[in-house]
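Reading through the structure tokens given below for one structure.
The values are calculated or read from the model by the stated rules, or taken from the named source; none is laboratory data. From a predicted model like this one, the values you see are computed outputs, not experimental measurements. Cβ: placed from backbone, ideal geometry, glycine included. Neighbour counts: every protein chain shown. Surface accessibility is based on the protein's heavy atoms, side chains included, excluding ligands, DNA and RNA. Shrake-Rupley method; radii C 1.70, N 1.55, O 1.52, S 1.80 Å.
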Amino acid sequence: MHLKKIVKNKLFYVLHPSYLIWKLHFFYLAKKYDWINCKVLGKFKISDAANVYLGKNFVAKDGLIIETYKINDNIPTITFGDNCILNINCYFSCANKISIGSNCLFGCNVFVTDNSHGGFTKDELKVNVNDRKIQSKGSVNIGNNVWIGKNVCIMSGVSIGDNTIIGANSVVTHSLPSNCMACGVPAKIIKQL
């Protein structure tokens, strides 16, 4: 979000005006919802911020999206522990509950969801995707000290234990225990740590 400017043979980095607008908007939300020492470095979208809980020292880079969808009387909540770092373009879609522990690191383009557009019966598949009701198979729970690589997708009903590493381009469709390394589509344990 910086512009390069050369003045008298010296290179300067100048903040883009739109970056300042996004920074002020996040500062307002952080004050309103008591997000302590949290930063989003660039553009972001947080729907229903009242149900998003950010731990201390949360940092997200450009392109963060956190969306919540209310199903019936359920109030969707997303919780991040302390010291979580999210790289660019991370996307969280919540209709139930997403809980992320402390000291987690997310690579670029990580997608975490606890929902899908409708079921998978023959009758439901005949309905236009945009007209299907959002459903959740269960909450997503990510433990402490979890490292999630670039382009990883974490699907609904999944729990990931503490100290787990998920390799780039993986799709996590089943729960993973603590202290392991997993990768693949679907993600499988390749090493116990």
Task: Selection within the range 160-177 - in contact with a Pro (Cβ under 8 Å, 6 or more places away or on another chain), open to solvent by 10 Å² or more (accessible area, probe 1.4 Å) and among the aliphatic types (A, V, I, L, M) - done: VAL171
Open item on the list: Can you find a residue that is out of contact with any Asp or Glu (no Cβ under 6 Å at 6 or more places or on another chain), part of a strand (DSSP E or B) and of a type in the set (Ser, Thr, Tyr) anywhere in the range 29-46?
Closed with: no
Open item on the list: Condition first: open to solvent by 50 Å² or more (accessible area, probe 1.4 Å) and over 14 Å from ILE71 (Cα atoms). Now tell me which residues in the range 132-159 satisfy that.
Closed with: ASN141, ASN144, ASN145, TRP147, LYS150, ASN151, MET155
- [ ] Please work out which residue is nearest to GLY63 (Cα to Cα), limiting yourself to the range 150-178 and to residues that are in contact with a Ser or Thr (Cβ under 7 Å, 6 or more places away or on another chain) and not hydrophobic (A, V, I, L, M, F, W, C).
- [x] SER156
Open item on the list: Being under 19 Å from ASN51 (Cα atoms) and open to solvent by 70 Å² or more (accessible area, probe 1.4 Å) is the requirement here; does ASP123 meet it?
Closed with: no
Task: Number of the condition not met by GLY149 [criteria: (1) over 14 Å from the mean Cα position of the chain (by Cα); (2) more than 20 Å from CYS94 (Cβ to Cβ)] - done: (1)
Open item on the list: Need pairs with beta-carbon distance below 9 Å; first residue within 14 Å of GLY161 (Cα to Cα) and within the range 171-193, second of a type in the set (D, E, K, R) and not in a strand (DSSP E or B); sequence gap 6+ or separate chains.
Closed with: SER178/ASP162; ASN179/ASP162
TODO: Return only the number of the condition from (1) out of contact with any strand residue (DSSP E or B) (no Cβ under 7 Å at 6 or more places or on another chain); (2) of a type in the set (Phe, Trp, Tyr); (3) touching a residue at least 24 places away in the same chain (Cβ under 8 Å) that PHE120 does not satisfy.
DONE: (3)
TODO: Count, please, the residues in the range 48-90 that happen to be of a type in the set (S, T, N, Q) and more than 13 Å from the chain's Cα centre (by Cα).
DONE: 5
Task: Residue list for the range 181-193, filter: in a loop (DSSP other than H, G, I, E, B), exposed (fewer than 14 other Cβ atoms within 10 Å of the Cβ) and at pLDDT 95 or above - done: VAL185, PRO186
Task: Flag if ASN96 is open to solvent by less than 80 Å² (accessible area, probe 1.4 Å) and either modelled with pLDDT of 90 or more or in contact with a Leu (Cβ under 6 Å, 6 or more places away or on another chain) (or both) - done: yes
